[in-house]
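Remarks on the structure that follows.
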Amino acid sequence: MMNTTRIITRFTVIGCILLVSCQNKEKQFIDENIEFSAQQTTLMLQETGEPKGVYPRSTDAEGKLVCTDKYDWTSGFFPGSLWYLYELTGQEKWKEEALRWTGSLESLKTFTKHHDLGFMMYCSYGNEYRIQPTEEVKQILIESARSLATRFSPLTGTIKSWNYRKAWNDSVEWFYPVIIDNMMNLELLFAGARLANDQELYNIAVTHANTTLKNHLRPDFSSYHVVNYDTLTGAARNQATNQGYSDNSTWARGQAWGIYGFTMMYRETKDPTYLNAAERMADWYLNNPNLPADKIPYWDFNAGQEGYVPGLKSQARTITGSYRDVSAAAIVTSALFELNQYIAGKNYYETAIDMLHTLASPAYRAKLGQNGDFILMHSVGSIPHGAEVDVPLVYADYYFLEALLRYRKSLQ
Ligand code: GLY
């Protein structure tokens, strides 16, 4: 008869064998996705050729590649994906492409016309500096952060997302709109603060995040998309939506930006208030009865529900529940890999792995040479504007690659 020690040893050995074989399977999963993403992006690069001032964003009705100019909020994602492919493959050719595409954005360092400079410069130059820091890139990041900071007003306690514009329905005016997405741009301010030892940049990021906590989040930690501020008093006048179903609904990608943004805020400040916000926002998303079983959300958590009244003017707003937004799921997947490092016992890691497998399944990952050579299918840009409905989006791919990288690092 075996004694207790031998039984424990045997179970430990079996456990280790299972763990190793499970890890090997997961490494194969990651490798296969890296291989596919590299092949697909190679095709994309054949289509685009050298950077010529236009950047992959989505596809048109015929499934053909649609590019934008560098001033669009998405211009930094393709260069950023090239940096991730360099890290994931270790192949020099990706670094050469990443350097070329990133370098083509340099003049944006003085751009101040909207808040998205954080996305544009941090996804591109931020990754470059993380991977191969140089004095030149350091100065570009500092200048970019200072350009973004010019949009901050101490009166509202926020960075103005957009200049004056009318809401989607053309009847409401926004003089000082701030959107939940803006949380993502704060990462550039923290980089600038660190690199230039500039406390003001740090303070602006923290003030913006605190104002967002107050005015964008509901008591249950769901989120409004837009807060419209009064330019004279600085007070929040009202909450609204730009890309969601209704002013009081929760737009899926907005919630995703909040989860990622507050996780990043905790990384940068170690203030538990932000960790609590990230956790509560993530739990709201993951436990929502309207989240499909595969955890790829509909474009808005309240689309078509009673009590959430869409505007009447745009025909597009009669489209209700059926579209998924893969970009929101990719953002949340990547965020959960990070959030898991700060909060134990919540299954965020297992959930992120699950979501990554779902994103990589044939339901959401394209076939080679299809989908305009983007990696993921079935995202939504803006249903109220009737724009980019059920298409690939460059930022879905960026956060998918980031999630793959974060997962691979977690296994090392
Ligand atoms: N930041 C714009 C969007 O998420 O559509």
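The values are calculated or read from the model by the stated rules, or taken from the named source; none is laboratory data. Just so it is clear, the structure is predicted and the values come from calculations on it, not from any experiment. No Cβ is skipped: glycine too gets one built from the backbone with ideal geometry, and neighbour counts run over all protein chains shown.
I need a count of the residues in region 242-263 that are buried (at least 24 other Cβ atoms within 10 Å of the Cβ) and among the charged types (D, E, K, R).
Number of matching residues: 1.
So which residues in region 188-199 are crowded, with 22+ Cβ neighbours inside 10 Å and touching a Gly at 6+ places or on another chain (Cβ under 9 Å)?
LEU188, LEU189, ALA191
Residues to consider are TYR164, TYR176; find the one that is of a type in the set (Ser, Thr, Tyr) and touching a residue at least 40 places away in the same chain (Cβ under 8 Å).
On inspection, the qualifying residue turns out to be TYR176.
Mind checking whether some residue in region 368-378 is within 24 Å of TYR274 (Cα to Cα) and away from the ligand (no atom under 16 Å from the Cβ)?
Scanning region 368-378, I find no residue that is within 24 Å of TYR274 (Cα to Cα) and away from the ligand (no atom under 16 Å from the Cβ), so the answer is no.
Can you run down the residue pairs with Cβ atoms below 7 Å, 6 or more apart or on separate chains, where the first is in region 253-270 and of a type in the set (Gly, Ala, Ser) and at pLDDT 95 or above and the partner is within 16 Å of the ligand (Cβ to nearest atom) and not in a helix (DSSP H, G or I)?
Taking only residues 6 or more apart or on different chains, the pairs are GLY254/SER223; GLY254/HIS225; GLY254/GLY244; GLY258/SER223.
Within region 82-104, identify whether any single residue is surrounded by fewer than 18 Cβ atoms within 10 Å (Cβ to Cβ), at pLDDT 95 or above, in a helix (DSSP H, G or I) and of a type in the set (Asp, Glu), and answer yes or no.
Yes, because at least one residue in region 82-104 is surrounded by fewer than 18 Cβ atoms within 10 Å (Cβ to Cβ), at pLDDT 95 or above, in a helix (DSSP H, G or I) and of a type in the set (Asp, Glu).
What's the number of the condition TRP168 fails, among (1) assigned to a helix (DSSP H, G or I); (2) buried (at least 17 other Cβ atoms within 10 Å of the Cβ)?
The single condition TRP168 does not satisfy is (1).
In region 238-266, which residues are more than 15 Å from MET184 (Cβ to Cβ), within 11 Å of the ligand (Cβ to nearest atom) and polar (S, T, N, Q)?
ASN242, the sole residue that qualifies.
Within the group GLY15, GLY63, which residue is over 17 Å from TRP94 (Cα atoms), in a loop (DSSP other than H, G, I, E, B) and at pLDDT below 95?
Within the list GLY15, GLY63, the selection yields GLY63.
Taking region 220-237 on its own, how many of its residues are more than 18 Å from SER153 (Cβ to Cβ) and touching a strand residue (DSSP E or B) at 6+ places or on another chain (Cβ under 8 Å)?
Qualifying residue count for the region: 3.
Test ARG151 against the criterion of being closer than 18 Å to TYR71 by Cβ, free of Cβ contacts under 8 Å to residues at least 24 places away in the same chain and within 16 Å of the ligand (Cβ to nearest atom), and give yes or no. Explain how you work it out, then say what you get.
Working: closer than 18 Å to TYR71 by Cβ: yes; free of Cβ contacts under 8 Å to residues at least 24 places away in the same chain: no; within 16 Å of the ligand (Cβ to nearest atom): yes.
Criteria not met by ARG151.
Applying the selection to region 106-155, what residues are assigned to a loop (DSSP other than H, G, I, E, B), surrounded by fewer than 19 Cβ atoms within 10 Å (Cβ to Cβ) and in contact with a Gly (Cβ under 9 Å, 6 or more places away or on another chain)?
Result: PRO154, LEU155.
To keep it simple, each residue is scored yes or no on (1) within 16 Å of the ligand (Cβ to nearest atom); (2) among the charged types (D, E, K, R).
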position: GLY76; (1), (2): yes, no
position: TRP83; (1), (2): no, no
position: GLN91; (1), (2): no, no
position: ARG100; (1), (2): no, yes
position: GLY103; (1), (2): no, no
position: SER107; (1), (2): no, no
position: HIS115; (1), (2): yes, no
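Among the residues of region 219-249, how many are part of a loop (DSSP other than H, G, I, E, B) and not charged (D, E, K, R)?
18
Taking the condition away from the ligand (no atom under 16 Å from the Cβ) and not in a helix (DSSP H, G or I), does ASN163 pass?
Details: away from the ligand (no atom under 16 Å from the Cβ): no; not in a helix (DSSP H, G or I): yes.
Criteria not met by ASN163.
What number of residues in region 190-217 are in a loop (DSSP other than H, G, I, E, B) and under 21 Å from the mean Cα position of the chain (by Cα)?
1
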